[in-house]
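Participant: Just dropping this structure here.
The values are calculated or read from the model by the stated rules, or taken from the named source; none is laboratory data. All figures in this text were calculated on a predicted structure; none of them were measured in a lab. Virtual Cβ from ideal backbone geometry, glycine too; neighbours counted across all protein chains shown.
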Amino acid sequence: MTRVFSGIKPTGHLTLGNYLGAMRQWAAVDQHQADALFCIVDLHGMTVDHDPARLRRLTRQGATLLLAAGLDPELCTVFVQSHVDEHARLSYVLECVATDGEMRRMIQYKEKSARERARGGSVRLSLLTYPVLMAADILAYGADEVPVGDDQAQHVELTRDLAVRFNQRYGHTFVVPRATLPQVAARVMNLQDPTSKMGKSEDSGPGIVYLLDEPDVVRRKVLRAVTDSGREVAYDREARPGVTNLLEILAACTGGNPEALGDAYESYGALKKDTADAVIEALRPVQARHKELCADPGYVEEVLQRGAQKARAMARPTVDSAYRAIGLLPPVAEPALNAAR
Ligand code: TYM
């Protein structure tokens, strides 16, 4: 059976981009068709300045939202990254396979480190090395497929390179995974700046629809979305990024085709109204389930505990194999130690 792994980092409130680009696919398709693991990757939430209490809160909220979005712990494994030591254990080994040059070429590193420096802040070393930790997340489970939005494709490419390099140097250890992207909404853009991604860690609230935004807030944000200078509704990422983004969102929420939808609208106003309605309807069941789950925090904790147990058992043998293959001496087993005493 195909093994699927994906993750989401608790650096902000989850957005419509996270939902349409990743989570929805995990719930609707991946958990039914594959042996799937989904992880709140909390270690990744510490690569920029962070507040410990907020990280804890967002980790819990992220896990609750994954379940609210339809992940079923009877069908898939849901867990928190830091509950499973194998991620950090493998990450260091992969750092010994990755090069400084390839890490510095990562687009997200270039963008985020430039932003951090412009603010006068210092850049954490973990911002540079975090794609290696992401590779460890994936490779520890022998995942065949990694369902992600478009912005993570480069990191999955790096993961493939590291797996191939490790296998060639030290013997076959890792499955070489591939990224799977949704057909529509692989890159949902900020409603106020449709040339940049709708990202949860950005500051621009009005351009970002959060999964827990009230319906009237969603409506206001969509109706105020920046559109383009022309009047015609047409699907064209280069020339009409604002309208194209709305068409992608509408298509993702209603199951339509964004280009065909472009032909069906005559005015921006009608497109915005229908998009707002479609987003509100798409989020309604997620918000309702989230409310129920918040009333039962013990359930979420139990799911995470069971998930971590299952994940640990899956990752351990692969990470042990990688340790042996790269030349680390296995620890002496307990019974042998006792016999020697
Ligand atoms: P993160 O937390 O930024 O995003 C989680 C998932 O949501 C997708 N996504 C989007 N898709 C479409 N449009 C958007 N505007 C948008 N914003 C986010 C992302 O592509 C991603 O699939 N490094 C990863 C987390 C991670 C991971 C992993 C993913 C850590 N280890 C292992 C897969 C496998 C990240 O920062 O995602």
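Participant: For the range 128-150, give me each residue that is within 10 Å of the ligand (Cβ to nearest atom), part of a helix (DSSP H, G or I) and either over 15 Å from the mean Cα position of the chain (by Cα) or free of Cβ contacts under 8 Å to residues at least 60 places away in the same chain (or both).
Facilitator: Listed by number, the residues that qualify are P131, A135, A136, L139.
Participant: Tell me, which residue of the range 81-108 that is polar (S, T, N, Q) and in contact (Cβ under 8 Å) with a residue 24 or more places away in the chain is nearest to G199 (Cα to Cα)?
Facilitator: At the first step, the residues of the range 81-108 found to be polar (S, T, N, Q) are 81-82, 91, 99, 108.
Filter once more, keeping what is in contact (Cβ under 8 Å) with a residue 24 or more places away in the chain: 81-82, 91, 108.
Details: Q81: 21, S82: 23, S91: 25, Q108: 12 Å.
It comes out as Q108.
Participant: Collect the residues in the range 1-59 that are among the basic types (K, R) and under 15 Å from I138 (Cα atoms), keeping them in residue-number order.
Facilitator: Within the range 1-59, the first condition is being among the basic types (K, R), and the residues that meet it are 3, 9, 24, 54, 56-57.
Passing the criteria: R3, K9.
Participant: Pairs, please: C-beta under 8 Å, at least 6 apart or cross-chain, first residue more than 14 Å from E95 (Cβ to Cβ) and in the range 152-174, second at pLDDT below 95 and not hydroxyl-bearing (S, T, Y)?
Facilitator: Q154/M106; Q154/I107; Q154/Q108; H155/M106; H155/Q108
Participant: Inside the range 45-127, counting only helices (runs of 4 or more DSSP H) that do not spill past its ends, which hold 1 or more residues that are buried (at least 18 other Cβ atoms within 10 Å of the Cβ)?
Facilitator: In the range 45-127, the matching helices (runs of 4 or more DSSP H) lie at 52-68, 86-95, 107-118.
Participant: Which of (1) crowded, with 21+ Cβ neighbours inside 10 Å; (2) in a helix (DSSP H, G or I) does D216 not meet, given it meets every other one?
Facilitator: (1)
To keep it simple, each residue is scored yes or no on (1) assigned by TED's automatic domain parsing to the domain that holds G142; (2) surrounded by fewer than 20 Cβ atoms within 10 Å (Cβ to Cβ); (3) in contact (Cβ under 8 Å) with a residue 24 or more places away in the chain; (4) under 30 Å from L90 (Cβ atoms).
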| residue | (1), (2), (3), (4) |
| --- | --- |
| D274 | no, yes, yes, no |
| V279 | no, no, yes, no |
| V303 | yes, no, yes, yes |
| Q309 | yes, yes, no, yes |
| R312 | yes, yes, yes, yes |
| D320 | yes, yes, no, yes |
| Y323 | yes, yes, yes, yes |
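Participant: Tell me, which residue of the range 65-124 that is β-branched (V, I, T) and in contact with a Leu (Cβ under 7 Å, 6 or more places away or on another chain) is farthest from D137 (Cα to Cα)?
Facilitator: Quick first cut of the range 65-124, residues β-branched (V, I, T) only: 77-78, 80, 84, 93, 97, 99, 107, 123.
Filter again for in contact with a Leu (Cβ under 7 Å, 6 or more places away or on another chain), leaving 77-78, 80, 97.
Working: T77: 14, V78: 13, V80: 11, V97: 15 Å.
Checking each candidate, the answer is V97.
Participant: Quick check: anything in the range 271-284 under 30 Å from D137 (Cα atoms) and not polar (S, T, N, Q)?
Facilitator: yes
Participant: May I ask you to list the residues in the range 1-39 that are modelled with pLDDT of 95 or more, assigned to a loop (DSSP other than H, G, I, E, B) and more than 30 Å from P215 (Cβ to Cβ)?
Facilitator: T2, A34
Participant: Could you tell me whether the range 170-184 includes any residue that is away from the ligand (no atom under 15 Å from the Cβ), surrounded by 15 or more Cβ atoms within 10 Å (Cβ to Cβ), among the β-branched types (V, I, T) and in a loop (DSSP other than H, G, I, E, B)? Lay out the reasoning, then the answer.
Facilitator: Within the range 170-184, the first condition is being away from the ligand (no atom under 15 Å from the Cβ), and the residues that meet it are 170-173.
Cutting the leftovers down to surrounded by 15 or more Cβ atoms within 10 Å (Cβ to Cβ) gives us 170, 173.
Narrowing the set further to residues that are among the β-branched types (V, I, T) leaves 173.
Among the residues that remain, those that are also in a loop (DSSP other than H, G, I, E, B) are: 173.
Taking every residue of the range 170-184 in turn, at least one turns out to be away from the ligand (no atom under 15 Å from the Cβ), surrounded by 15 or more Cβ atoms within 10 Å (Cβ to Cβ), among the β-branched types (V, I, T) and in a loop (DSSP other than H, G, I, E, B).
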